[in-house]
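Colleague: This is the structure I have questions about; it appears just below.
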Amino acid sequence: MRPFDGRRVLLVVSGGIAAYKAAALARRLIEAGAAVEVILTEAAERFVGRVTFEGITGRRVHTSLWDQPMAHLDLGRDADVVVIAPASADLISKLAVGAAQDLATTTVLAARGPVIVCPAMNTRMWEHPATRANVERLVEYGCTVAGPADGPLAEGESGPGRLLEPGEIVPLVGRALEPAKGLSGRKVIATAGPTRAALDPVRFITNRSSGRMGFALAEAAWRRGGDVTLISGPGAAPRPAGPTVVEVETAREMLAELKTALTDAEILLMAAAVGDFEPSAEAASKIRKTDGGLDLTLRTGPDLLMETRALRDAKGVFTLGFALETDDLLSRGRAKLERKGMHLVAVNSALEPEAGFESPTNRITLLDRAGAVEELPLARKTELADQLLDRVEASIAAAEA
């Protein structure tokens with residue numbers, strides 16, 4: 001899986017009750033396609049054994065500076081990224097002063113790739129001025145400090161100091177490994193999921209969108225270095241960990257957030273399945289069942305791309321949109337691209353098996369303003385997101401050349 005395939009992750013585990021999460025992190029990284037080497041500090045071995053990590057990674061776990069000559073140099077040189085999780089207050093303090101006391105500290109000193117430090121400790125330790133100063137020093141050295149989270153800690157306490165979950169750390173590793181950085185520093189807006197239109201306080205009209213395509217685009221754009229805001233309707237799929245997520249429910253709420261976000265955006269990835277219709281009036285109380293059934297009068301809802309076209313044109317926002325159709329796919333997609341001021345439109349069929357709503361896969365025909373047509377074969381939406389962003393980056397680079 002991009003960008004993990006064939007990449008080497010060095011996982012350094014220090015002492016602390018959160019060390020058990022490092023085993024799950026190793027598993028998640030391997031499932032993503034990375035090769036994982038593990039260093040356990042002496043303190044870490046008191047919480048989780050080397051056999052656990054050897055069983056997960058299929059590799060020998062490294063614990064001592066003296067077990068293998070020059071191991072710290074080899075491990076540091078070969079690692080594409082170093083992840084320290086959990087990073088205890090003790091280890092952070094050693095790294096901040098450049099200590100070379102054991103295998104973990106010497107290897108991090110010898111590493112030349114990116115280093116991600118994931119702190120985990122008691123709140124009082126995290127808030128101590130010495131720890132804060134040490135963390136700032138690591139940031140000055142170029143390390144990425146991720147966390148800690150706020151939540152339940154050991155001994156019944158709660159507060160900042162909790163290790164991030166593996167699902168939050170893996171995307172950070174992916175961002176460090178990502179070879180395509182064409183979106184670095186660019187403000188990107190992505191929309192995803194369905195919208196709802198209320199009939200009464202308990203019922204609504206919606207569609208079957210899961211949000212997967214928009215979420216995949218938002219995560220891939222963030223991984224490529226973008227400053228990403230994801231405006232999401234109530235889709236069922238898990239939200240990506242990296243982007244800033246703004247939750248909305250209705251099309252009009254999404255439009256309002258979109259207008260605000262577009263004031264300083266450079267790229268719009270419009271993947272939300274915005275409802276086309278809404279009830280002419282919302283009942284103030286629950287509509288009761290009657291033998292005669294229910295007649296609904298619907299009106300056209302807001303068209304987000306049309307209502308933001310003038311703003312996007314004025315700001316020069318590069319726009320990728322989607323067209324989900326049941327017939328005349330190319331002609332309808334081309335008409336939408338031109339009418340709504342998009343630069344690229346991804347057209348797909350609502351009737352094709354394994355594509356469209358509620359599916360982890362999709363098949364896309366990509367159209368551009370110059371009349372080009374490109375078929376993107378059936379693939380997972382996470383893979384298609386990168387293919388689409390490759391085209392977005394290429395189009396922007398060509399326009400700026």
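The values are calculated or read from the model by the stated rules, or taken from the named source; none is laboratory data. In this text the structure is predicted, and so the values were computed from the model without any measurement. Positions of Cβ are generated from backbone atoms using ideal geometry, with glycine treated the same way; all protein chains shown enter the neighbour counts. Areas reflect the complete protein model, heavy atoms only, side chains present, ligands, DNA and RNA absent. Shrake-Rupley method; radii C 1.70, N 1.55, O 1.52, S 1.80 Å.
Colleague: Quick check for me: using +1 on Lys/Arg Cβ and -1 on Asp/Glu Cβ, what's the dipole size of the stretch 231-274 about its Cα centre, in debye to the nearest 20? Write out the running numbers ahead of the final one.
Modeller: Values: 3 positive and 6 negative charges, 19 e Å.
Its charge dipole is roughly 100 debye.
Colleague: How high is the relative contact order of the chain? Use alpha-carbon pairs under 8 Å, at least six apart in sequence, and give a whole percent. Display every interim value, and only then the final one.
Modeller: On the way: 846 pairs, mean separation 43.2, N = 401.
So the answer I get is 11 percent.
Colleague: On to the next question. Separation of the stretch 264-339 and the stretch 108-184 by C-alpha centroid, Å?
Modeller: 40
Colleague: With every protein chain left in place and a probe of 1.4 Å, what is the accessible surface of Thr57, to the nearest 10 Å²?
Modeller: Counting only protein heavy atoms, the figure is 20 Å².
Colleague: Please get the size of the charge dipole for the stretch 129-237, origin at its Cα centre, with Cβ charges of +1 on Lys and Arg and -1 on Asp and Glu, quoted in debye to the nearest 20. All intermediate terms of the calculation are to be shown ahead of the outcome.
Modeller: Numbers: 13 positive and 11 negative charges, 125 e Å.
Taking the Cα centre of the stretch 129-237 as origin, the dipole is about 600 debye.
Colleague: What percent of all Cα-Cα pairs in the stretch 196-321 falls in each 5 Å bin, counting up from 0?
Modeller: Answer for the stretch 196-321: a P(r) of 2, 10, 19, 20, 18, 12, 8, 5, 3, 2, 1, 0 percent.
Colleague: Let me ask something else. Just to be sure I understand: if I project the alpha-carbon convex hull of the stretch 289-352 onto a plane and average over all orientations, what area do I get in nm²?
Modeller: 6.8
Colleague: Kindly flag which residue pairs out of Lys94/Lys181; Lys181/Lys340; Lys315/Lys340 have an alpha-carbon separation exceeding 20 Å in this structure. It would help to have the intermediate numbers written out before the result.
Modeller: Values: Lys94/Lys181 32 Å; Lys181/Lys340 28 Å; Lys315/Lys340 15 Å.
Pairs exceeding the cut-off: Lys94/Lys181; Lys181/Lys340.
Colleague: Which percent of the accessible heavy-atom area of the chain goes to carbon and sulfur, probe 1.4 angstrom?
Modeller: Result for the chain: 51 percent of the exposed heavy-atom area is carbon or sulfur.
Colleague: How much mean residue ellipticity at 222 nm does the chain get from its helices, if each DSSP H run of length 4 or more adds -39500 (n - 2.57) and you divide by all residues, to the nearest 500 deg cm²/dmol? Walk me through the numbers before you get to the answer.
Modeller: Details: 14 runs with 139 residues, N = 401.
Result for the chain: -10000 deg cm²/dmol, rounded to the nearest 500.
Colleague: Sort largest first and round to whole Å: the equivalent ellipsoid semi-axes of the stretch 292-401, each the square root of five times a Cα gyration tensor eigenvalue.
Modeller: Numbers: eigenvalues 138, 88, 30 Å².
Value: 26, 21, 12 Å, ordered largest first.
Colleague: Separate question: Roughly speaking, what is the stretch gain from Arg124 to Thr290, that is 0.36 nm per residue apart minus the C-alpha to C-alpha distance, in nm to one decimal?
Modeller: Between Arg124 and Thr290, full extension yields 53.6 nm more.
Colleague: What longest range of the chain stays clear of loop-exposed chymotrypsin sites (Phe, Trp or Tyr not before Pro) (DSSP non-H/G/I/E/B, at most 13 other C-beta within 10 angstrom)?
Modeller: Details: sites that count: Trp66, Tyr141.
Looking at the chain, 142-401 is the longest stretch - no exposed chymotrypsin sites (Phe, Trp or Tyr not before Pro) with at most 13 other Cβ atoms within 10 Å.
Colleague: Using the Cα centre of the chain as the reference point, and only Cβ charges (+1 on K/R, -1 on D/E), how large is the resulting charge dipole? Debye, rounded to the nearest 20. Don't skip to the end; give the middle numbers.
Modeller: Working: 47 positive and 53 negative charges, 22 e Å.
Roughly 100 debye for the chain.
Colleague: Then there is this: Measuring with a 1.4 Å probe in the full set of protein chains, what accessible area per residue, in whole Å², belongs to the stretch 92-169?
Modeller: Numbers: 3800 Å² over 78 residues.
Per residue, the stretch 92-169 has 49 Å² of solvent-accessible surface.
Colleague: Given a 1.4 Å probe, how much area per residue of the stretch 193-332 is accessible, in Å²?
Modeller: Each residue of the stretch 193-332 exposes 49 Å² on average to a 1.4 Å probe.
Colleague: Right, here's the next one. What is the spin-label model distance, in nm, from Asp313 to Asp90 if the labels are put 7 Å beyond Cα along the C-beta direction?
Modeller: According to this spin-label approximation, the distance is 6.5 nm.
Colleague: In Å and whole numbers, how far do the C-alpha atoms of the chain stretch along each principal axis, longest first?
Modeller: 78, 54, 39
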